[in-house]
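Below: the structure, in structure tokens.
The values are calculated or read from the model by the stated rules, or taken from the named source; none is laboratory data. None of these values were measured; they are calculated from a predicted model. Here Cβ is always computed from backbone atoms with ideal geometry, including for glycine, and neighbour counts include all displayed protein chains.
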Amino acid sequence: MNLFSRIGAAFSAATGRLAMASSMGGFEGAMSKRRLIAWKATEENINSLVAEGGDLLRARSRQIVRSNPYAANAANSFVANAIGDGIRPSSLIEDVDLKQNVLQLWKDWALEADADGLTDFYGMQGLVANALFEAGECFVRFRPRRLSDGLTVPLQLQLLESEMLPLSKTETAATGNAVRCGIEFNGIGQRMAYHFYRKHPGDNTEMGNKGEIVRVPSSEVLHIYRPQRPGQIRGVPWISAALVKLFLLDQYDDAELDRKKVAALFAGFITKDSLEDKLMGEGAPNDAGASLAGLSPGTMQVLLPGENITFSTPADVGGSYEPFQYRNLLAACAAMGMPYTNVTGDLKAANYSSIRAGTVEFRRRLNQFQEMTMIFQLCRPIWARWLEAAVLSGALRLPDFARDQRPYNRVKWIKPKWEWVDPLKDRQAEQIAQQMKWKAPSDIIEAEGNDVDETMQRIATDQARMKELGIQVEAPSAGTAAQSQQTPADENAATDPSIDPAQKDQTL
């Protein structure tokens, strides 16, 4: 055997050993035999998947939110918890008077921000969050206005739905740039423009050419979505993973409702010895040759010898309906990343521990969404554009703004206040953290959803007014708040006979 033959034989043997080792000890999820042979996965990029099925996915998501009570409640709960009454700016300008002037102008403009005039800036935040939940994305277009329009700052915002940017538009633009799913990119991957439909393609109340597309520079558009994979350019509905589960469960519920409706149609079948006998006052035969008789509540009819009545006995759903529904709803809630109680409103098996555990996890996810999506993609660029428009229009005079805008763009966005799970213990924990210098008073004030300087000023004003009127208010002693070692929620869980002790630590 020559050298090349020996090398070939050794290589074949090594390849065989590797194949055997791979089949025996490789990743189970990568095997294709027996029970996994039907599992077909794809290596397609997220953008290819969205371009191929995004339109249908979005349409189904919107439909399920419109018609399914759990999906509708989940959307409302998501927006209420993520946005509340709004994510508000607290400028970090060191000059207190200048800061107050800037924030007051912002408050005045926030009432005029919506180009459609339907809500204020914070209501628009809620609309954006709702769009992300059911459609996966939303677009915000800056609409500069004339000074003659009489606005506080000549700038407004227009919200555009996901359908306005066609996923199917993938081509080479006249500029030579690549257009992918309606977004135009230059050679180094920067967004240069968005190719929007001039009119919503699904709005039958608008007349004219719906297929006309207009190019809008990227500097005039904010694209708000939550990227789930690197390189993703279009959004995916928040509810996507729960769509099939909710749709099939909805069908199952409808089938059960119809079955109950049929079962409620209580019927009796009379057997007579002869057609002439009218045992229960039945009328003449109908077109099908059958006679119908009525029953009155509480009636006991005496029949002739040899006659009998047979009543229908429709099957009941049994005891499996509620556990089956509960488990499927749990899976849907897990897919949406929302607590079971928030989606269903079912507090039957809830207690203090389960509510707190579910709430803490949910708030972590929302805090991530607020910081990385709503604040970074929406609030931050709008503040910068608003400041620029305010200065250029003369509504604000900011020293050295033209030379360096960064000091004025520094803002801490105050998220909506979380409701207390256990007010007494939470307040005690904050008091201890403040006394131990682990937490600044300003952090506590901002956690309440308030601006620090504004709150301090209001406290000083109130104290001065109370002193002027001779009102004395004694602050509670440190020991007063610590007298209770058990919260009302704990006491109820311990004494309420309707709560199964085995469920006290159940986490929904």
Notebook entry, point to check: Across segment 137-158, what is the total count of residues that are surrounded by 19 or more Cβ atoms within 10 Å (Cβ to Cβ) and either in a strand (DSSP E or B) or touching a strand residue (DSSP E or B) at 6+ places or on another chain (Cβ under 6 Å) (or both)?
Noted result: 8
Item checked: Failed criterion for GLU137 (all others in (1) in contact (Cβ under 8 Å) with a residue 60 or more places away in the chain; (2) touching a Lys or Arg at 6+ places or on another chain (Cβ under 6 Å) hold) -> (2)
Check: Would you say THR172 is assigned by TED's automatic domain parsing to the domain that holds VAL236, in contact with a strand residue (DSSP E or B) (Cβ under 7 Å, 6 or more places away or on another chain) and exposed (fewer than 15 other Cβ atoms within 10 Å of the Cβ)?
Finding: yes
Notebook entry, point to check: Being among the acidic types (Asp, Glu) and in contact (Cβ under 8 Å) with a residue 40 or more places away in the chain, is that true of even one residue in segment 203-216?
Noted result: no
Item checked: Residues (of a type in the set (Lys, Arg) and surrounded by 14 or more Cβ atoms within 10 Å (Cβ to Cβ)) located in segment 381-421 -> ARG385, LYS412, LYS415
Check: more than 30 Å from THR42 (Cα to Cα) and not polar (S, T, N, Q): does that describe ARG58?
Finding: no
Check: With respect to VAL65, is the statement that it is in contact with a Gly (Cβ under 6 Å, 6 or more places away or on another chain), modelled with pLDDT of 80 or more, in a helix (DSSP H, G or I) and in the same structural domain as GLN370 (by TED's automatic domain parsing) true?
Finding: no
Next item on the list: Would you check if there is a residue in segment 142-154 being among the β-branched types (Val, Ile, Thr) and in contact with a helix residue (DSSP H, G or I) (Cβ under 7 Å, 6 or more places away or on another chain)?
Entry: yes
Check: Which of the residues belonging to segment 432-456 are without any contact (Cβ under 8 Å) to a residue 12 or more places away in the chain, surrounded by 12 or more Cβ atoms within 10 Å (Cβ to Cβ) and polar (S, T, N, Q)?
Finding: GLN434, SER442, THR455
Check: Is it fair to say LEU57 is over 24 Å from GLU446 (Cβ atoms), within 19 Å of the chain's Cα centre (by Cα) and part of a helix (DSSP H, G or I)?
Finding: yes
Margin query: Need the failing condition index for ILE188 against (1) assigned to a helix (DSSP H, G or I); (2) over 28 Å from the mean Cα position of the chain (by Cα); (3) β-branched (Val, Ile, Thr), just the number.
Written below: (1)
Check: Does segment 69-85 include one or more residues that are crowded, with 16+ Cβ neighbours inside 10 Å, assigned to a loop (DSSP other than H, G, I, E, B), modelled with pLDDT of 95 or more and in contact with a helix residue (DSSP H, G or I) (Cβ under 9 Å, 6 or more places away or on another chain)?
Finding: yes
Notebook entry, point to check: Which one is farthest from the chain's Cα centre (by Cα) among residues in segment 320-345 that are within 18 Å of SER77 (Cβ to Cβ) and assigned to a loop (DSSP other than H, G, I, E, B)?
Noted result: GLY345
Next item on the list: Scan segment 346-363 for residues that are under 22 Å from the mean Cα position of the chain (by Cα) and in a helix (DSSP H, G or I) and jot them down.
Entry: SER354, ILE355, ARG356, ALA357, GLY358, THR359, VAL360, GLU361, PHE362, ARG363
Notebook entry, point to check: For GLN228, are the conditions met, namely being under 21 Å from ARG60 (Cα atoms), in a loop (DSSP other than H, G, I, E, B) and modelled with pLDDT of 65 or more?
Noted result: yes
